[in-house]
Each structure stands twice: as structure tokens, then as C-alpha cells.
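The values are calculated or read from the model by the stated rules, or taken from the named source; none is laboratory data. Computed from a predicted structure; not experimentally measured. Please note: Cβ atoms are built from the backbone with ideal geometry, for glycine as well, and neighbour counts cover all protein chains shown. Surface areas here come from the heavy atoms of the whole protein model, side chains and all, with no ligands, DNA or RNA. Shrake-Rupley method; radii C 1.70, N 1.55, O 1.52, S 1.80 Å.
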Amino acid sequence: MAIDPTFPDPRSLLPADRPIQLLDADGTFTEDPDWPIDLDDAQLAELYRLMVMARQIDAQAITLQRQGQLGVYASLRGQEAAQIGTAFALAAQDFVFPSYREMGVALVRGVDPADLLHVFRGTWLGAHDPAKHRFALITISIATQALHAAGFAMGAKLDGSDSCAVAYMGDGATSEGDAHEAFNFASVFGAPCVFVVQNNQYAISVPLTRQTKAPTIAHKGIGYGMPGYRCDGNDVLGTYAVMRQALRHAREGNGPVLIEAVTYRMEAHTTADDPTRYREDTELEQWRARDPITRLEKFLRDRELVDDEVVETVAQAAKAEAQSVRAALYDAPHGDPMELFSHVYAEPTQQLRDQHELLQAELQGQDA
Ligand SMILES: Cc1ncc(C[n+]2csc(CCOP(=O)(O)OP(=O)(O)O)c2C)c(N)n1
């Protein structure tokens, strides 16, 4: 028996036996009345454009790193549907708290990719305006953004606003204490928060089987009293439908939702990693056959929403955009490192003031 008599039937918190999927690997669409979508033809085409754009800019970022223009980069290749489908369901007032892999989500939020790449170039903390795009600065420390999201969601609840907070993270992040605290806090206080876990099968070289003994990541939700939705993360219509429902659940005052989008990281963990040391090519090939962009393209072709000409136009536009990202990055001025201290607290602590002085002295020493 549940501690709280108003507690819902625990079974309602469990994920379905099979991942939610609307678009299969062949691009065949099967409607699911439990997971409706409301996208018109223009929106379906826009999903495709965004996914192609994300992949192209991602490839450009890897090239930039190889050429020494970025220090490091974390690819999202293979995770385009998990990111773009979920982000497409967001309302303008929602606020995203990303990890370091969320270029696709950033694109949907209107963030200029060159602004985001500053972090990987080491020239600024991030040049986009988090308040304008409602997309926080990227976080490198695993799972800290889950706490930021839970805190923001609690604030939104206290303000009586209808914003939801969304934290994006990887499967490995769910093993962190920060994720546990965020899940628990958000659920106990009914904060309007969605935790999107992109289960890309690895945390650097650690496979999922060594990460958790939970049957799935989505099953972790029940331990916190929040529903766990598990979907095919390579199906952009499925990820959209699931996120739409999760946001509605949170916005209507029912507390947080944990989403597990089952996907695969096609590239290395970051450009500093060598995945051939811990995974087989055959595995990569299996996931290549489930490519999120190919299946959406098949679906759109079947519906005669795209043809060869449109596919080529979208590809060329993405290439041009990737080129302009490169140019923008080369030309961008360096940010002010002292900004590191500017937005931490309304009133800086003594420790921060000391660090501020230390860095200032060091930078002045460099100039001398
Ligand atoms: C608190 C913390 N511990 C360790 C690291 C080193 N680290 C960087 S990425 C990573 C794995 C993260 O895996 P996952 O959460 O599955 O996300 P993915 O990178 O696969 O998207 C680790 C351990 C870190 N950045 N922060």
C-alpha cells in the first residue's frame, strides 16, 4: 500500500512494455491513440530541415575540432530525433537546461550554433542569451543541469507561471547523486519539470549494462513517484508525441515526468575518445539501419511532402549554414573571462570575490 493514500496506481507510472514508436525504421507510420500528434505538413517538413541542419553543423564542428579550431566537441549524430522531436514540442515559455550534447535542441530554440561552439573553442562561456532563447548555458558536470531544472520548475510553480523546465541528460547521468536529488525534489514538490534522458547506450566507454540494474531507465521514474515514458529515440514523431504528453502532464500540475529516448551515439563520445576500443562495428551497423533522418525522409517521400529536389535544397541550405557557422566562429571576438563570476549569485560570496581577484591579477600579469 502506498504511503500517501492519494498516490496513483503505481502501475500507471511504469513505462509500456515496448518503447513508444510511431515511425518505424522503414519510415512506416502507425497512429497510436495514446500518443497523438498534431503536426501539419509544414511542421513535418520543418522537423526534417532541422534534423538535416543539426547533422550538417555537427559534422562541421567535428571538422573544426580536427583542424584545431575547437578544443573538443561532443557529437549528437544519431540523436537528432531524440533532441529535435522533444524540443519541437516545447512552448515558448519553457526553459531548457542542456548538457554538452544538445546542439539539436539549441537549433530548435533559435540559438546560433556558432554562439554555442564558443564553449568548445574556449573563447567564451557561451555567447547566446539564455533568457532570450530560454536555453541555459551548457553544463559539462554531469547531471548538475537536472538540479537547475528542478529549481527553475519550483520557481515557476511558486510564481504561478505556466513554464515547464526541461533537463536533457544522458543515461550515465541518471547514476549521479545530482540526478537523484533533482528527480526526488521535483516529484515531492510537484514541480513542472521534464527530465529527458537520451539513452545513447554509453557513458563514454561504460555500456548501459554496467550503468544500471534497473530494467530500463524509464523504470527509475516509479522510485520517485513520477511516470516514466520510454520511446524509440530515433523516431522523431514518437519523441515529439511523448514530450507533448509529458509537458501537458507537468503543466497541468501533476509533477515531473521522466522520458527515456532509446537511441545511439554514432560518433565517439567526444572528439577526444576512440570508440573502437569498446564497441563493435557490427553494433554501429545495426543502429545505422535505424537512422532517424533516413526514416523521416522515407515517410515524407511516401506522403509526397519531399522529393529529390527538396532533399537537395535542404542539404544545400544545411551546408551553407554550416559554412557560415565556421566563418562566424573565426571572426567572433573572444568573450570576457571575468564574466565567469558575473551571474553566479545576486550577491557574490567572499570566495567568488577572491577568485575574481586572483584571475584578474593573473590576466593582468599575462598582458604585462
Ligand atoms: C560530475 C562529473 N563526473 C564525471 C565527468 C566526466 N564525464 C564526462 S562525460 C561522462 C559520461 C556521461 O555519459 P552520459 O550521461 O550517458 O551522457 P552522454 O555523454 O552519453 O551523452 C563522464 C563520466 C563529468 N563531466 N562530470
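Within segment 149-176, being away from the ligand (no atom under 16 Å from the Cβ), of a type in the set (A, V, I, L, M) and part of a helix (DSSP H, G or I) holds for 150, 153, 154, 156, 158.
For segment 229-268, which residues satisfy the criterion of being buried (at least 20 other Cβ atoms within 10 Å of the Cβ) and over 26 Å from residue 297 (Cβ atoms)? 246, 247, 250, 255, 256, 257, 258, listed by residue number.
Residues in segment 3-23 that are outside any helix (DSSP H, G or I) and touching a helix residue (DSSP H, G or I) at 6+ places or on another chain (Cβ under 7 Å): 14, 20, 21, 22, 23. The numbered conditions (1) outside any strand (DSSP E or B); (2) among the aromatic types (Phe, Trp, Tyr); (3) modelled with pLDDT of 95 or more are all true for residue 229 except (1). Restricting segment 54-106 to residues that are touching a strand residue (DSSP E or B) at 6+ places or on another chain (Cβ under 9 Å) and acidic (Asp, Glu), the residue that is farthest from the ligand (Cβ to nearest atom) is 94. Among the residues of segment 177-194, those identified as away from the ligand (no atom under 16 Å from the Cβ), open to solvent by less than 50 Å² (accessible area, probe 1.4 Å) and not polar (S, T, N, Q) are 186, 190, 191, 192, 193, 194. Here residue 146 meets the list (1) within 16 Å of the ligand (Cβ to nearest atom); (2) without any contact (Cβ under 8 Å) to a residue 40 or more places away in the chain; (3) open to solvent by less than 10 Å² (accessible area, probe 1.4 Å) almost entirely, failing just condition (2). Consider segment 126-143 and keep the residues that are out of contact with any strand residue (DSSP E or B) (no Cβ under 9 Å at 6 or more places or on another chain) and farther than 16 Å from residue 109 by Cβ. The one that is modelled with the highest pLDDT is 141.
When residues in segment 305-339 are screened for being open to solvent by 60 Å² or more (accessible area, probe 1.4 Å) and of a type in the set (Lys, Arg), 1 of them pass.
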